[in-house]
Every structure is written in structure tokens, then in C-alpha cells.
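Here the structure is laid out as C-alpha cells; the discussion comes afterwards.
Just so it is clear, none of the values below were taken in a lab; they were calculated from the coordinates. Quick caveat, the model's predicted, so the values are computed rather than measured. Because the Cβ atoms are built from the backbone with ideal geometry, glycine has one as well, and the counts that use them run over all protein chains shown.
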Amino acid sequence: MNKKIIVFLLFLNVVSFSFVYLLSSDSDLQVIFFDVGQGDSIFIETPQKHQIIIDSGPGDKTLLEKVSSTMPFWDKTIDLIILTHTDNDHISGFFELLDNYVIENILWSGVSGDSSRSKKWETMIGLEGANIVYSNDVNKIILGDVTLDIISPNDYIIEKYSKNANDISVVSKMTYKNNSFLFPGDITNKVEKEIINEDIFADVLKVSHHGSKYSTSVDFIEKVDPLIAVIQVGKNSYGHPADDTLTRLSNFGIKILRNDISGDIKISSDGNNYKIITNKKII
């Protein structure tokens, strides 16, 4: 199947966008790594005010509350959500979100598994009426000035690693002018090797699998060559983030940010420079 480039022409939000432009002079790309405990959830707003959410954390109403306090109260439409994979700490917060917001587009691998949460996910997105896009059918999504390249999983990786949900995570790279972010979900070093020859260079790396020792290899770090590494982690019994992973990142002189230490982590970009805000402090 030929992969596609999708350009989202978000006509339904033209009116609300015009109001946002009038009320806000902030034309930077905004990326917020939400503190959702032991899980991943990333909120993105493009300079054209398109909203993207990658993963949703482990459940309860944490994501819903954070999105509600981040977006204008009158804006109940989210342009794109991306589910990297169906593990509880990535999928469960979406259920409350789907009940309270209109989702225009949904991107995921299409591999659901047999868990009750996977079945619930498929039922809910079927009822949502959103445009559903599968990772192996598309290689690029364009939202105004922001480009999202879908790096993995393709058909080969889905077939080879289908027994490990982490390794069939949707891996994406977001680029805005001269700045870029890499979001690798929970892939292990096995899939890192599979994608090592792709264009994965990025200024900001969301560290895979909460800093697991089985991810973020030296070769992968060298290829991505990030300036900043964000670890989405909370209180856990898995040893995340692993000391080995922290050491590997530190040896490259990479600035490490962690949700369990800093709470929500916001990185804004004008396309050339970054501003980092954690706990209401600018770094």
C-alpha cells in the first residue's frame, strides 16, 4: 500500500481559530509534557492553534482536567490524537477525553490486543466519527507550519514485534522550522535499531518507556543527538528511570527534564529557539 501525505484542512475550527488569534499573540509552537504520574501524555498546540495530544496517561480524570485548563473553555474540538500503543499508562485517559471533546482525527497502529481497554478504545473511536488513520498507511501529516513524520511502525515492524506492544509504538517526529521533537512511545532498543537509519535527529527527545534500561541506547542517542531529553515518569516500582539510562544521557551532555521532579514541562519554540517552563519557572 502506498503511504500518504495527509494535510489536515481543519475547516470546522476556522471560526474558533480566528477568536484565538485575536485573544492571543503567542505564535510559538507549544509542547507540554503533562505530569500524569507513571505514564505519557503530551499536549501540542501549533502556531495556527491546531491541537494534538499524544497518549493520555494511566486514567482517572487527570488528562481531562489538564486539557480543560490548557485550552479555551469554548474550544471543545481537538484536531488530532495519537495513541502510540494500548498499554494502560498510554490509553486510559483518552476515555474521559472522548466523552467530553470532539476529536477530528485519530492516528494509531490499529493493533489493539485482547484487553478490555483495547476493546473499549475500538468501540469508542468507532462511535466518535473521527477520521481514523493507521500508522502503516501514512508517512507525513502537515498541520500548517508543523510537519509530523510517522516513522514507525510499518507493516514489517508490526508483524515482527506484534507480541510486544511497546515495540509497535507509533514513533513520530515533529518539525517546526529549524526545531524538532522525537516521540518514540515505549520502543525498546530492538526497534531503535530498526529505525536507526531514518531521519530521527531531533533537538528534543521524549525518552522512550519512562527511562527504561532497555531503551535509549548509545547508538540511538548518537543518531538523535538531542539537546534536551524529557522523561515522563511518576512514582513506580519498575525502577524508572534506570540509572544506566540517566548515565547514558548525561554522558552526552544532554539536559534531562523529568515530570516526577518538575511537574508539567512546557517547551515553546519560535522555530529557532526554545523556552522551557517547569513549575512556572523559565529555564
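Note that the stretch 167-174 has calculated 3J(HN,Hα) couplings of 7, 9, 4, 6, 10, 9, 10, 9 Hz, one per residue in order, obtained from phi through the Karplus relation 6.51 cos²θ - 1.76 cosθ + 1.60 (θ = phi - 60°); glycine and proline are x.
Ranked for footprinting exposure by Cβ neighbours inside 10 Å, fewest first, Leu107, Leu98 give Leu98, Leu107. For the stretch 47-152, chymotrypsin sites (Phe, Trp or Tyr not before Pro) are listed when DSSP marks them as loop and at most 11 other Cβ atoms sit within 10 Å of their Cβ; the list is Phe73, Trp74. For the stretch 263-273, 3J(HN,Hα) computed residue by residue from phi via the Karplus equation (6.51, -1.76, 1.60; θ = phi - 60°) reads x, 4, 10, 10, 10, 10, 9, 8, x, 10, 10 Hz, glycine and proline entered as x. DSSP assigns beta bridges within the chain; of those with both partners inside it, close to 60 percent run antiparallel. Dipole magnitude for the chain: about 280 debye, using +1 per Lys or Arg Cβ and -1 per Asp or Glu Cβ, origin at the Cα centre. Each of Val171, Val218 was scored by other Cβ atoms within 10 Å of its Cβ. Arranged with the fewest first, they read Val218, Val171. In this simple spin-label approximation, Glu159 and Leu227 carry label points 7 Å from Cα along the Cα→Cβ vector, and these lie 4.1 nm apart. In this structure, the residue pairs whose Cα-Cα separation is over 20 Å, taken from Lys140/Lys160; Lys193/Lys235; Lys206/Lys275; Lys49/Lys266, are Lys140/Lys160; Lys193/Lys235. Applying 1/(1 + (r/R0)^6) with R0 = 22 Å to the Cβ-Cβ distance of Asn279 and Lys235 gives a FRET efficiency near 0.80. Extension gain for Ile142-Phe252 works out to 36.4 nm (0.36 nm per residue, less the C-alpha to C-alpha distance). Within the chain, the proportion of C-alpha pairs whose separation exceeds 29 Å stands at 26%.
How many percent of DSSP beta bridges within the stretch 161-230 run antiparallel, rounded to 5? Antiparallel: roughly 50 percent of the beta bridges in the stretch 161-230.
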